[in-house]
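S.K.: Starting off with a structure, shown below.
The values are calculated or read from the model by the stated rules, or taken from the named source; none is laboratory data. In this text the structure is predicted, and so the values were computed from the model without any measurement. Cβ sites come from the backbone with ideal geometry, for glycine too, and all protein chains shown count toward neighbours.
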Amino acid sequence: MTKEQKSKVIEDLTAQLAASNVVYIADISGLNAETTSNLRRACFKEGIKLEVVKNTLLEKAMENVENNYSDLPSILKGNTAILIAENGNAPAKVIKEFRKKSDKPVLKGAYIHEAVFIGDNQLDALVSLKSKEEVIGEIIGILQSPAKNVISALKSGGSTIAGLVKTLSER
């Protein structure tokens with residue numbers, strides 16, 4: 001690879017990293033062509049971009065981005081693939097589902113909205129993360145609940161209030 005090609009790859013990686021707040025780093029070495037193709041298809045269905053990268057080029061791209069990747073460059077050893085997504089838990093779900101059939105991919109680390117997760121043992125925690133849409137839905141549900149309770153109490157309480165007023169007036 002020539003110096004110009006390397007600088008072009010670093011430039012592309014830098015642009016991808018700068019545009020995304022969700023980056024997973026995984027090891028997919030040892031997967032045959034068919035299995036790798038199936039993994040790529042699964043990622044594509046979920047809107048995840050999977051790309052195999054050279055560690056040194058990824059490290060330089062991470063240095064060029066303003067995001068604080070903390071200790072992530074230290075895990076760049078061996079074969080490395082990056083998974084870039086919009087949804088914070090989508091790559092973790094794909095990895096977990098894919099590992100039901102195979103022992104790969106192995107999660108090396110992840111960067112999700114300024115939080116850094118290192119190690120394959122973090123996979124379950126990453127799967128349980130809620131997406132932005134799920135959190136918004138829960139908040140709306142929580143906000144609607146008291147209003148629904150008040151409205152239903154007022155609707156059913158019309159006869160109760162009348163009864164209460166009548167009882168109080170009789171006393």
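S.K.: Being farther than 20 Å from Asp124 by Cα and not polar (S, T, N, Q) narrows it down to one residue among Leu31, Leu72; which is it?
M.R.: That would be Leu31, the only listed residue that is farther than 20 Å from Asp124 by Cα and not polar (S, T, N, Q).
S.K.: Give me the residue from region 125-165 that is charged (D, E, K, R), surrounded by 10 or more Cβ atoms within 10 Å (Cβ to Cβ) and in a helix (DSSP H, G or I) and, out of that set, modelled with the lowest pLDDT.
M.R.: Looking at residues that are charged (D, E, K, R), surrounded by 10 or more Cβ atoms within 10 Å (Cβ to Cβ) and in a helix (DSSP H, G or I), I get Lys148.
Condition check ((1) more than 20 Å from the chain's Cα centre (by Cα); (2) of a type outside the set (Phe, Trp, Tyr); (3) within 11 Å of Ala81 (Cα to Cα)) across all residues:
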| site | (1), (2), (3) |
| --- | --- |
| Asp27 | no, yes, yes |
| Gly30 | yes, yes, no |
| Glu34 | yes, yes, no |
| Asn38 | yes, yes, no |
| Cys43 | no, yes, no |
| Glu51 | no, yes, yes |
| Glu63 | yes, yes, no |
| Asn68 | no, yes, no |
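S.K.: May I pose another question? I need every pair where a residue in region 20-41 that is free of Cβ contacts under 8 Å to residues at least 40 places away in the same chain has its Cβ under 8 Å from the Cβ of a residue that is among the hydroxyl-bearing types (Ser, Thr, Tyr), sequence separation at least 6 or different chains.
M.R.: none
S.K.: Assuming Lys54 fulfils every condition listed in (1) touching a residue at least 40 places away in the same chain (Cβ under 8 Å); (2) surrounded by 18 or more Cβ atoms within 10 Å (Cβ to Cβ); (3) over 16 Å from Ile118 (Cα atoms) apart from one, which condition is it?
M.R.: (2)
S.K.: Give the residues of region 64-95 that are among the acidic types (Asp, Glu) and under 21 Å from Cys43 (Cβ atoms), sorted by residue number.
M.R.: Glu86
S.K.: What single numbered condition from (1) aliphatic (A, V, I, L, M); (2) at pLDDT below 85; (3) under 20 Å from Leu126 (Cα atoms) fails to hold for Ile95?
M.R.: Failing condition for Ile95: (2).
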